[in-house]
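Notes follow once the structure below has been shown.
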Amino acid sequence: MDVTLSSMALVCLSIPFAIIALAIRTTSKGPVFYRQERMGLDGKSFVVYKFRSMIKDAEKNTGPVWADKDNDPRLTKIGKFIRKYALDEIPQLFNILKGDISLVGPRPERPELFHKFSKSLPNFKKRLLVPQGLTGLAQLIGQYDTSPKNKTRYDLIYIKNKSIFLDIKIIILSVLVSLIGNWQSNSRTWIRKLFQL
């Protein structure tokens, strides 16, 4: 399912892919793609691909910091738009084809933040018991900057109830989230009801 759906998505999104790449290239300095080390299944490191949504060298002086979807001064104008509709995530379809991640699963975290959160949240490490994913329950029910504590809670619920049917439900809802953009609180409420949380 990962290979088939991600391949189909890359074909369908080839034109938006090219438009976004051109917009990033012509409106801000720096590379089109952003590469970052993440932790995958069983703690194995890999490089994740994303469209660059921030200014060049955004973390050069600060190091890894927790991102703010709406009020991050490091975001470019194009970056704000592609973040809103999760379009910056499209290149991760190549990560799925490579086998780094799955379509659905806990979001892969940066090693620095993973070790930081694991100190105060012992269960945070359990997120690595399954393949990490492009989308997941934590992203649907929470927000872009969902707290590590809540992220862990939703990811553990997903791991406990993991099934092909749950994955399909999450994929369909993720597409809707992308098309609509920002979710309002009442939208997240009905998603919780849908998953009986």
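The values are calculated or read from the model by the stated rules, or taken from the named source; none is laboratory data. Just so it is clear, the model here is predicted, and its values are computed rather than measured. Don't worry about glycine lacking a Cβ; one is built from the backbone with ideal geometry, like all the others, and counts go over all protein chains shown. For accessibility, only protein heavy atoms count, side chains too; no ligands or nucleic acids. Shrake-Rupley method; radii C 1.70, N 1.55, O 1.52, S 1.80 Å.
Is the shape of the stretch 71-145 best called rounded, prolate or oblate, per the rule: a/c under 1.5 gives rounded, else a/b larger than b/c gives prolate, else oblate, with a ≥ b ≥ c the square roots of the Cα gyration tensor eigenvalues?
The shape class here is oblate.
Using 0.36 nm per residue, how much length does the chain from residue 150 to residue 11 gain when fully extended, once their Cα-Cα distance is taken away?
46.6 nm
Quick check: at a probe of 1.4 Å, how many percent of the accessible area of the stretch 109-171 sits on carbon and sulfur atoms?
Details: 1900 of 3190 Å².
It is 60 percent, rounded to a whole number.
Check which residues have an amide H placed less than 5 Å from residue 40's amide H, if you skip close sequence neighbours.
Distant-sequence amide H within range of residue 40: 45, 46.
Tabulate in residue order the Karplus-calculated ³J(HN,Hα) for the stretch 124-131, using 6.51 cos²θ - 1.76 cosθ + 1.60 with θ = phi - 60°, rounded to whole Hz; enter x for Gly and Pro.
Working through the residues one at a time gives 4, 5, 5, 5, 8, 6, 10, x Hz.
Using 7 Å Cα-to-Cβ label points, what is the residue 97/residue 25 separation (nm, one decimal)?
Distance between label points: 1.8 nm.
So which trypsin sites (Lys or Arg not before Pro) in the stretch 1-57 end up in coil per DSSP with only 15 or fewer other C-beta atoms within 10 Å?
Those satisfying the criteria are 29, 44, 56.
Amide H to amide H, which residues 5 or more places from residue 107 or on other chains are under 5 Å from it, using H placed in the peptide plane?
Amide H to amide H, under 5 Å and 5 or more residues apart or across chains, residue 107 pairs with 133.
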